[in-house]
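Shown next, in structure tokens, is the structure this report addresses.
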């Protein structure tokens, strides 16, 4: 079992930038029906439209809901980024536990790899949940670190309302739902206040917003200039691409269902390639740690004894 606490390193910073793009882009959305390119209105936060505020609120709600729902993550990794290369497949059960997310390895069929190892993983998870619900300096420190990371992510989401200009580009249908399509390009008047926000000047994209709910349904983006990160120790090259799709899994609750990263660059002096397709399924609400521990203990009781 891997306990993915929120830490910082150049590699984590790289992944944070990539996934942060998918998290932040949805905020760039004006009120439905707007046809003209937004310019000066986006440069003044006090003139935020109701549409933008709605999508920002929905995005933050989704981020918070992920702390309450477990899910299955299937990752297909191609190191060379070609379809001819057999992918490496990893399947994980992601279980939120307060200040961290536990990753329980599963087989490619989504089943426990072995009864013994799976029981051991669940017992470690139950032990952590029992620890995190206690009052203590270590627990407060763990939550403080998690909250700091969340604030950085939310600040990045908020900054997108000023970072991009966007133009409505018609509508598409997804089943019986209408998706409003917007083209995004960097706002030359945007003045980033954080290192991560600087990446927005080198990215363009397209977003599809569900007309009825104001939720992000799909996003595609491309890197238009090389992006230096981690104090210039790493770089993401121009032409890198990412996309994500989201669906309403429960009434009023939207989550990612699929995402794809095709990134090339270098870390220090060594080249790297990130070519991943990730599928999310089996979302189930487990609640905060005080409730989630009951879920885990009940599952342990049903497993055969060793």
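The values are calculated or read from the model by the stated rules, or taken from the named source; none is laboratory data. Just so it is clear, the model here is predicted, and its values are computed rather than measured. No Cβ is skipped: glycine too gets one built from the backbone with ideal geometry, and neighbour counts run over all protein chains shown.
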Q) Of (1) at pLDDT below 85; (2) within 26 Å of residue 262 (Cβ to Cβ); (3) over 20 Å from the mean Cα position of the chain (by Cα), residue 159 satisfies all except one. Which? A) (3)
Q. Since residue 98 meets every condition but one in (1) in contact (Cβ under 8 Å) with a residue 12 or more places away in the chain; (2) loosely packed, with under 13 Cβ neighbours inside 10 Å; (3) assigned to a loop (DSSP other than H, G, I, E, B), which condition does it not meet?
A. (2)
Q: Select from region 60-95 the residues that are surrounded by 16 or more Cβ atoms within 10 Å (Cβ to Cβ), in contact with a helix residue (DSSP H, G or I) (Cβ under 8 Å, 6 or more places away or on another chain) and in a helix (DSSP H, G or I) and list them in ascending order.
A: 60
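Could you tell me which residue of region 47-59 is modelled with the lowest pLDDT, considering only residues that are surrounded by fewer than 17 Cβ atoms within 10 Å (Cβ to Cβ) and within 15 Å of residue 162 (Cα to Cα)?
We begin by selecting, within region 47-59, every residue surrounded by fewer than 17 Cβ atoms within 10 Å (Cβ to Cβ); these are 47, 50, 53, 57.
Checking which are within 15 Å of residue 162 (Cα to Cα) leaves us with 47, 50, 53.
On the way: 47: 36, 50: 58, 53: 75.
Selected residue: 47.
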(Q) Which numbered condition in (1) modelled with pLDDT under 90; (2) closer than 28 Å to residue 60 by Cβ is the only one that residue 266 fails? (A) (2)
(Q) For region 177-194, which positions are surrounded by 14 or more Cβ atoms within 10 Å (Cβ to Cβ), in a loop (DSSP other than H, G, I, E, B) and at pLDDT below 90? (A) 192
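Matching residues to (1) within 19 Å of the chain's Cα centre (by Cα); (2) over 16 Å from residue 75 (Cα atoms):
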{"position": "201", "(1), (2)": "no, yes"}
{"position": "214", "(1), (2)": "yes, yes"}
{"position": "219", "(1), (2)": "yes, yes"}
{"position": "222", "(1), (2)": "yes, yes"}
{"position": "228", "(1), (2)": "no, yes"}
{"position": "254", "(1), (2)": "yes, yes"}
{"position": "281", "(1), (2)": "yes, no"}
{"position": "285", "(1), (2)": "yes, yes"}
